[in-house]
1. Show that you can apply the helix-only estimate: for the chain, add -39,500 (n - 2.57) for every DSSP H stretch of four or more residues, divide by all residues, and state [θ] at 222 nm to the nearest 500.
2. By DSSP, what percent of the beta bridges with both residues in the chain are antiparallel, rounded to the nearest 5?
3. So if I place +1 on the C-beta of Lys and Arg and -1 on the C-beta of Asp and Glu, and nothing else carries charge, what would the dipole magnitude of the range 1-109 be about its Cα centre? I want it in debye, nearest 20.
4. Say each of LEU122 and THR69 gets a label point 7 Å from the Cα, pointing the same way as Cα to Cβ; how far apart are those two points in nm?
5. For VAL90, project a label point 7 Å along Cα to C-beta. Then give me every residue of the range 122-162 with its amide nitrogen under 12 Å of that point.
6. Just add up the charged neighbours of GLU73: K/R +1, D/E -1, any other residue whose Cβ is under 9 Å from the Cβ of GLU73.
7. I want to check the label-to-label distance for ASP142 and MET1. Put each point 7 Å from Cα in the C-beta direction and report it in nm to one decimal.
8. Mind jotting down the distance between the C-alpha centroids of the range 1-32 and the range 64-139, whole Å?
Amino acid sequence: MQLDVRTILILRHPDRRQVLLLRRSPHKKLFPDLITGIGGAVELNLGEAADLDAAVLRELEEETRIARTDITELRLRLTTVLSRDCTQVVLLWYTADLSIIPSDLSCSEGELGFYPARDLPLDLMVPTAREAIGFVISLADDEQRTYSGVYEPKSFRLLTNR
């Protein structure tokens, strides 16, 4: 059994009515052309498990032109687990607030765009993101708890401890 740990960051627009999400490149092997948050693999072999916040910030700066100084209130909101073949995949769902609207939304992994927080394009989203993103952006700012969840194997329905 292998372990694959991934971070996903959902950035809230300063007006709080929109979120910045990534439409993955159509050339991606896994989930091409589907929408999710910004993120990627935690480099366990380099010791990143000791500082998961640093891993999500590294991914943000590697994939976009958004600097860590352009965001505030970075918080781990949800951890989810799923099995894929012989791999346990742990997804770490973060939120943060954009302090400014980036002038450059270019991204090495696809296209960044703002989406209405109350009307996410669920049919265009990565299966694991469909419920998880709505869940984490619905949490109150003063909610200090980090939730956990699992996905039903075929439907990707998210079951949480909320």
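1. The helix contribution divided over the chain gives -4000 deg cm²/dmol.
2. Looking only at bridges with both residues in the chain, the antiparallel portion is about 65 percent.
3. 420
4. Distance between label points: 4.1 nm.
5. No residue passes the distance filter.
6. Around GLU73, the charge tally is 0.
7. With each label point 7 Å from Cα toward Cβ, the separation is 4.0 nm.
8. Each part reduced to its Cα centre gives a spacing of 4 Å.
The values are calculated or read from the model by the stated rules, or taken from the named source; none is laboratory data. Because the structure is a prediction, the values reported are computed rather than measured. Ideal geometry is used to build each Cβ from the backbone, glycine not excepted, and the neighbour counts take in all protein chains shown. The protein model used for the area step is the full one, side chains on, heavy atoms only, and it has no ligands, DNA or RNA in it. Shrake-Rupley method; radii C 1.70, N 1.55, O 1.52, S 1.80 Å.
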